[in-house]
């Protein structure tokens, strides 16, 4: 039986904060306890926001924390062909379609539907409205589009109930073999014209290619695992064991976020906070 393999996979569209530090340290800790390997992957498919400088800064912050990983760092931007191959496989199965609606068109379409029916339009577990278009949208030459998974057709191809093994505890106390409900996500985006893959697609492809056996990540991604399980089954990829840990929150009980410009590790370093102090604060002293 092969040794366990865990990974920390940040998206460097901003500087790392304490939440990233906790997840990275936890993954390394579990990997060492299990006698396995710990990998670092840079999820930089957003080539506009994920700059080379931010990627370098992220790796420097991890080294400063005292993290040591096994093998080279994988950068997703250098492996786009792997995700294209997965897209082609799904397309050959007739599971993808082009969605042409812009954000403003989606907003207007939903408003029209809600006005007509008098009922709220369904939202996914993250609160975003489900896509109101569909696989019958007429092709528009020269117009940008997103490749979306036809979730209804995808689920029709899966004979067995989809679940995942969860060793952590979900937001509602879920644990054990957790039934996935991917239909709650609707027709998720798997690629855009300007970004030839998505987080959902690239994460399951990379986890399989890198032999990841244990995915340890924050509870904010708990329900997204349903989408990942569908893609794994459609592409014939193995299912890791999942563990979704609690999040590091600010004083207002909100999860830390790069987009909200929460205090980064770099700022803490500049203020004289040591790596040992951070590790101790996060329970890894």
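The values are calculated or read from the model by the stated rules, or taken from the named source; none is laboratory data. Quick caveat: nothing in here was measured; it's all calculated off a predicted structure. Here the Cβ positions follow ideal geometry from the backbone for every residue, glycine too, while neighbour counts run over all protein chains shown.
Before moving on, here are some points about what is shown:
- Selection status of residue 101, surrounded by 14 or more Cβ atoms within 10 Å (Cβ to Cβ), more than 30 Å from residue 30 (Cα to Cα) and at pLDDT below 95: yes
Okay, residues lined up against (1) surrounded by fewer than 18 Cβ atoms within 10 Å (Cβ to Cβ); (2) closer than 16 Å to residue 180 by Cα:
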| position | (1), (2) |
| --- | --- |
| 205 | no, no |
| 209 | yes, no |
| 212 | no, no |
| 216 | no, no |
| 222 | no, yes |
| 225 | no, yes |
| 231 | no, yes |
| 244 | no, yes |
| 249 | yes, no |
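- If the condition is being in contact (Cβ under 8 Å) with a residue 24 or more places away in the chain, more than 15 Å from residue 74 (Cβ to Cβ) and either surrounded by fewer than 20 Cβ atoms within 10 Å (Cβ to Cβ) or out of contact with any helix residue (DSSP H, G or I) (no Cβ under 6 Å at 6 or more places or on another chain) (or both), then the stretch 37-63 contributes 46, 47, 49, 51, 54, 57.
- Among the candidates 169, 188, the residue that is under 18 Å from residue 124 (Cα atoms) and in contact (Cβ under 8 Å) with a residue 40 or more places away in the chain is uniquely 188.
- As for the stretch 2-14, it holds at least one residue that is under 23 Å from residue 275 (Cα atoms), crowded, with 21+ Cβ neighbours inside 10 Å, at pLDDT below 95 and touching a helix residue (DSSP H, G or I) at 6+ places or on another chain (Cβ under 9 Å).
- Residues that are loosely packed, with under 14 Cβ neighbours inside 10 Å, over 30 Å from residue 241 (Cα atoms) and either touching a residue at least 24 places away in the same chain (Cβ under 8 Å) or in contact with a helix residue (DSSP H, G or I) (Cβ under 9 Å, 6 or more places away or on another chain) (or both), drawn from the stretch 139-166: 139, 140, 143, 144
- Filter result for residue 169 (at pLDDT below 95, out of contact with any strand residue (DSSP E or B) (no Cβ under 7 Å at 6 or more places or on another chain) and under 22 Å from residue 245 (Cβ atoms)): yes
- Filter result for residue 67 (part of a loop (DSSP other than H, G, I, E, B) and in contact (Cβ under 8 Å) with a residue 40 or more places away in the chain): yes
Rundown of residues vs (1) outside any helix (DSSP H, G or I); (2) closer than 21 Å to residue 10 by Cβ, yes/no style:
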| position | (1), (2) |
| --- | --- |
| 187 | yes, no |
| 195 | yes, yes |
| 207 | no, yes |
| 211 | yes, yes |
| 216 | yes, yes |
| 220 | no, yes |
| 223 | yes, yes |
| 238 | yes, no |
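- Looking across the stretch 12-36, just one residue is without any contact (Cβ under 8 Å) to a residue 60 or more places away in the chain and closer than 17 Å to residue 219 by Cα, and that is 24.
- Checking each residue in the stretch 112-132 for being surrounded by 13 or more Cβ atoms within 10 Å (Cβ to Cβ), free of Cβ contacts under 8 Å to residues at least 40 places away in the same chain and outside any strand (DSSP E or B) picks out 113, 114, 121, 132.
- Of residues in the stretch 70-98 being assigned to a loop (DSSP other than H, G, I, E, B) and touching a strand residue (DSSP E or B) at 6+ places or on another chain (Cβ under 8 Å), the one surrounded by the fewest Cβ atoms within 10 Å (Cβ to Cβ): 71
- Members of the stretch 37-52 that are farther than 21 Å from residue 205 by Cβ and modelled with pLDDT of 95 or more: none
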